[in-house]
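Quick notes on the structure that follows.
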Amino acid sequence: MSHTSFHSKPLHDRIAAQLAPLLPAGSRLLLGLSGGMDSVVLLHILHRLAPQLGCTLSAMHVHHGISPNADAWAQFCTELCERHAIPLEIKHVDIAPLKDTHGIEASARKLRHEAFAESDARYIALAHHADDQAETLMLQLLRGAGLRGVSAMPAEREQGGQLVLRPLLACSREMLLVYAQQHALEWIEDESNADDRYPRNFLRHRLFPLLEERFPAWRDTLGRSAQHFAEAAGILDEVAQVDGAGEKMLSVARLDALSPARRKNLLRYFLHGQGAPMPQEAQLDDMLRQLCGARDNADVCVNFGEWQVRRYRGHIHVMRALPAFDTALRIDWRGEAALYWPPLQCEVRFTQTVGEGISRAKLAQGQLSLRLRGGGETLRPHPLAARRSMKNLLQEHGVPPWQRERLPLLYCGEALVSVVGVAVAAEFQAEEGEQSVMVA
């Protein structure tokens, strides 16, 4: 559809044309409802379109508790949805743990995204519009962001099993205001929107009015630039895939063989694929220097924020920094399907099976528990094998050094049954046809 034909149609017709190919009949569509003008307009449009599109509409209001008016905003959204018989969930979130490291705006955005991701709705509708797109691009440019940072917000994006839709991206704030006034809609005004100390508000109230005087098409042109950046970022992602990204571990040799620019691109892509935040340029340079410049057996660990990048046996691992742990930790197992293991921040899973893993009959001889290494443990991994010290066993199986003191060990009474995920003691291994349990 051409730009001209899009803007010549009534707003609800344009949105219907956008969403119809994306929403199968019977879809559940969840709208992020702040109570502000843009989300109220989108609620009004989607409420009218839901029968035509064959979808059921619900809404979620994320209650950050930042403003003294937050309760009143939640009440406004509740009453608005009740008038239209639209199911609404009020999601309370706590911004306090994040705001010192992320800032208020970024923390609120992160918590909203997490709230929507927790919903079981397949389709999520957000009310971002053309002014938001331009503001985001300008802020990212002023922060010195890379191509991924300055890329356009897409009108639709697959994200964690959900399709996030932004049907208002081609609409300016002014267009939405005209629609709201034509339909006598009511909305709330966040008092913080007038505070120029927030960078986004500074752009909105002071910079963009100046741009409007000289460059009246600034929204469209900045939006086009963001789209160009997004296309370029996509090409760089394809280059990174060719260069060796996509695995849980990244080969140091493959990284080291690249030109400096492709090396940076590959490491950025790898970090992004593991869910890690993007490091600053100086941090990225330091990572590459340490990862590629260390001797083969060096224990390299580079911290950035709450994350770590490590090198082991020629490969790069990225992970959240592991917390301190209680060396006397003991967790009894009483048949649960899973137990949480704090030292590695993971679950230990117990799967009932036959003829594999650990004999259930032999486990009945004593109390079962998960513990940590205490020193001096040995284990015979096969009936015909010699006993191995824990150090040798873990080295043979390539367990990274930072995990070795944190691995869960399964005990039956005082007998070591298994180093979970590594080996089962020969005397506890299940025989063919015997009831057993796999622990991983």
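Structure values in brief
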item: Helix 130-142 vs. the chain, principal-axis angle (Cα, 0 to 90°, nearest 10); result: 60
item: Full-extension gain in nm, Ala261 to Lys110, via 0.36 nm per residue minus C-alpha separation; result: 51.4 nm
item: Residue-span extension gain [Glu158 to Gln182] - 0.36 nm each, minus C-alpha spacing; result: 5.3 nm
item: Euclidean distance between Cα centres, segment 13-91 to segment 290-312, Å; result: 46
item: Cα-Cα pairs of segment 244-320 separated by more than 20 Å (percent); result: 18
item: Length gained when the stretch Leu141-Leu22 is fully extended (0.36 nm per residue, less Cα-Cα span); result: 39.7 nm
item: Which labelled figure in [x] 0.96; [y] 1.06; [z] 1.24 is Cα Rg over 2.2 N^0.38 Å, once derived from the coordinates; result: [z]
item: Equivalent ellipsoid semi-axes, segment 385-435, via Cα gyration tensor eigenvalues times 5, rooted, Å; result: 21, 13, 11
item: 11 Å reach of a label modelled at Ala85, 7 Å along Cα-to-Cβ, counting backbone N of segment 21-36; result: none
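Any read-out appearing in this document is the output of simple, stated calculations on the displayed coordinates, not a laboratory observation. Being a predicted model, the structure only gives us computed values, none of them experimental. We place every Cβ from the backbone using ideal geometry, glycine too, and count neighbours over all the protein chains shown.
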